[in-house]
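Peer 1: The structure's right below; bear with me while I get my questions together.
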Amino acid sequence: MRVAVLGVGYSGFNTNTPDLNWKELMLEAAVRAYEDAGINPRKDVDSVVTCAEDFWEGFAIFDEFVPDQLGGVLKPTCTVCSDFLYGVATAYMQIKSGLADIVVVEAHSKASDILTFGEVIKFAMDPVWLRDIGNAHPYYFAALEMSQYVSECCINEEQIAEVVVKNKNNALLNSSAPYGAKVTVEDVLNSPMVFDPMRKIEIAPVSDGAVVFVLGNEFVAREITDTPVWVKGVGWWSETSNYDTMSFNAMYAYKAAKMAYKLAKITNPAKEVDFAEVDDRFAFKELQHIEALQLSRKYETGSLMQEGYFARDGELPVNVSGGNLGVGNLLEATGGQKALEVVLQLRGLAGKRQIEAETGVAQAWRYIPTASGTVAVFGV
Amino acid sequence: MFNEKIVDPAELRHWGGKIELYWIYTSGEAGDRFFKALRDEGKFIAAKCKKCGRVYFPPRMYCEFDFSETEYQEISGKGRVRAYTVAWLDKDEKPLEKPEIYAIIDMEGTDGCMIHLLGEVEEDQVEIGMEVEPVLRDKSEREGTINDILYFKPS
């Protein structure tokens, strides 16, 4: 039994959304997704999976605040305390097992409501061993990882700058990417260094939005369309919660990808994957994640980036949507925006940034201070 | 449906909320041992897995790879810088009065490391591979927390 994407909908993505609250953001995305799938949520949906983290929301027990705005009251509902792609994995299993024919997956970000973003991230740090050390923004934790990565893999600052340049310029062709900009490597290198070796422009600023997918089994999919996009594989993996045993080298993404590739029967990702949307909430993370997804070999990723291999018109486009550097940090909806871009590209609905592709990968990380992440492979 | 939206920004409504939350964070068996030894004797404790021999720092009462018990042992507290960053912004993304240097320090005699601050060194003098040693708060001021270590300095 294969699992298909029946419909997608989204709201945003914007730097802020003063007119809608988070429930209305979800509603907007959901209404669009149901229209896209041509279903009636009150009749056709068997299960609803939301992805959220209480501390991002500002209240406890998030799962009690759904499913009304998704049209899912009086139905099986659960919240996965993680990224959208974990929700896709959950829905995939519910459909594969025969438990449900049609499952809705949702994630959102109303990051602009969070007045103390740094403080919330600090709450995720080990309170006994780490949280109270120094007074810096917890972005320092990512900068430490970057320091290790660039020294281990001989990455230079021009190569990191190329990631910012590529993604912000890609974002100019995406009307839902508020941080698009015509920047050059020189601009990046001249911009402020805030967590040396990390520059401010390498950190994705937050943004708001919601993503809803309607997933269904093969039979339902065939009734709706002759050319569905399939969820070919899902994978997720955690290293450890302890900084002393973390790889600081995206082992989580490597293992999650292995799991997803196995399901998708992909044996040579660098050849079989046509494009990828990866987590680039810090510019160096894109390079690290490309390697972890086995789309390039260690030590060659930086130079491939400079040669344009991962550009929109390159051999293996990465973050054509603009990535997080162009779209923003969407919190738990980060993987949702990535999966959305993959589906739009596979359907041929990506407008001016359309590329030719049959297989695409979406990947998300659990953000600072974790070593966990997830991968989904989509194809036609 | 759903076409009624607020278009006048002057009408927009929100209210400011805050969450006041307080905890005590239990240091745990291993943490208690570590912080008492640090506070009372200025010593560093690590934990060795009885099965695989991996030496954990920070110490803990179980090996996460074997899921088996550990035993405690004293270490020097010295280490070597594996990675570092010079942080210029505080938690609200405002400039810090003085930049702070954070480092991942591989701890001598262990397979583990510590994330902490570096001190008594200029930002441009820090190097990966640099040997460092801990500087502790004066004994009378120690509280049995991670901040009893003020920073690590070049040794």
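The values are calculated or read from the model by the stated rules, or taken from the named source; none is laboratory data. For clarity, every value in this text was computed on a predicted model and none was experimentally measured. All Cβ positions, glycine included, derive from the backbone under ideal geometry; neighbour counts span all protein chains shown. For the accessible areas, the whole protein counts, side chains as well, though only heavy atoms, and no ligand, DNA or RNA atoms are used. Shrake-Rupley method; radii C 1.70, N 1.55, O 1.52, S 1.80 Å.
Peer 1: If residue A:42 satisfies every condition in (1) open to solvent by 20 Å² or more (accessible area, probe 1.4 Å); (2) closer than 18 Å to residue A:220 by Cβ; (3) more than 14 Å from chain B (Cβ to nearest Cβ); (4) in contact (Cβ under 8 Å) with a residue 12 or more places away in the chain but one, which is the exception?
Peer 2: Answer for residue A:42: the failing condition is (3).
Peer 1: If you don't mind, there's one more thing I want to ask. Counting just the residues of region B:64-97 that are more than 12 Å from every other protein chain (Cβ to nearest Cβ) and among the small types (Gly, Ala, Ser), which one comes out surrounded by the fewest Cβ atoms within 10 Å (Cβ to Cβ)?
Peer 2: B:68
Peer 1: Being among the small types (Gly, Ala, Ser), within 12 Å of chain B (Cβ to nearest Cβ), within 25 Å of residue A:370 (Cβ to Cβ) and over 17 Å from the mean Cα position of the chain (by Cα) is the requirement here; does residue A:124 meet it? Lay out the reasoning, then the answer.
Peer 2: Values: among the small types (Gly, Ala, Ser): yes; within 12 Å of chain B (Cβ to nearest Cβ): no; within 25 Å of residue A:370 (Cβ to Cβ): yes; over 17 Å from the mean Cα position of the chain (by Cα): yes.
Spelling it out, it is not the case that residue A:124 is among the small types (Gly, Ala, Ser), within 12 Å of chain B (Cβ to nearest Cβ), within 25 Å of residue A:370 (Cβ to Cβ) and over 17 Å from the mean Cα position of the chain (by Cα).
Peer 1: Return only the number of the condition from (1) within 12 Å of chain A (Cβ to nearest Cβ); (2) touching an Asp or Glu at 6+ places or on another chain (Cβ under 9 Å) that residue B:50 does not satisfy.
Peer 2: Residue B:50 satisfies all of (1) within 12 Å of chain A (Cβ to nearest Cβ); (2) touching an Asp or Glu at 6+ places or on another chain (Cβ under 9 Å) except (1).
Peer 1: Here is a follow-up. Could you list all residues from region A:240-291 that are open to solvent by less than 10 Å² (accessible area, probe 1.4 Å), small (Gly, Ala, Ser) and under 23 Å from residue A:314 (Cβ atoms)?
Peer 2: A:250, A:253, A:257, A:260, A:276, A:283, listed by residue number.
Peer 1: Kindly indicate whether residue A:309 is in a loop (DSSP other than H, G, I, E, B), open to solvent by 10 Å² or more (accessible area, probe 1.4 Å) and modelled with pLDDT under 95. Give the derivation first.
Peer 2: Numbers: in a loop (DSSP other than H, G, I, E, B): yes; open to solvent by 10 Å² or more (accessible area, probe 1.4 Å): yes; modelled with pLDDT under 95: no.
No; evaluated as a whole, the condition is false for this residue.
Peer 1: When you go through (1) surrounded by fewer than 19 Cβ atoms within 10 Å (Cβ to Cβ); (2) over 28 Å from residue A:120 (Cβ atoms) one by one for residue A:359, which number turns out not to apply?
Peer 2: Of the numbered conditions (1) surrounded by fewer than 19 Cβ atoms within 10 Å (Cβ to Cβ); (2) over 28 Å from residue A:120 (Cβ atoms), the odd one out for residue A:359 is (1).
Peer 1: With the checklist (1) among the small types (Gly, Ala, Ser); (2) facing another protein chain (nearest Cβ under 10 Å); (3) in contact with a helix residue (DSSP H, G or I) (Cβ under 6 Å, 6 or more places away or on another chain) in hand, flag the one item residue A:151 doesn't pass.
Peer 2: Only one criterion is unmet by residue A:151, namely (3).
Peer 1: In region A:180-208, which residues are surrounded by 15 or more Cβ atoms within 10 Å (Cβ to Cβ), assigned to a loop (DSSP other than H, G, I, E, B) and more than 9 Å from chain B (Cβ to nearest Cβ)?
Peer 2: Correct list: A:180, A:181, A:183, A:191, A:204, A:205, A:207.
Peer 1: Right, next: How about region B:104-154: which of its residues are part of a loop (DSSP other than H, G, I, E, B), in contact with a Gly (Cβ under 9 Å, 6 or more places away or on another chain), closer than 25 Å to residue B:55 by Cα and in contact (Cβ under 8 Å) with a residue 60 or more places away in the chain?
Peer 2: Selection gives B:110 alone.
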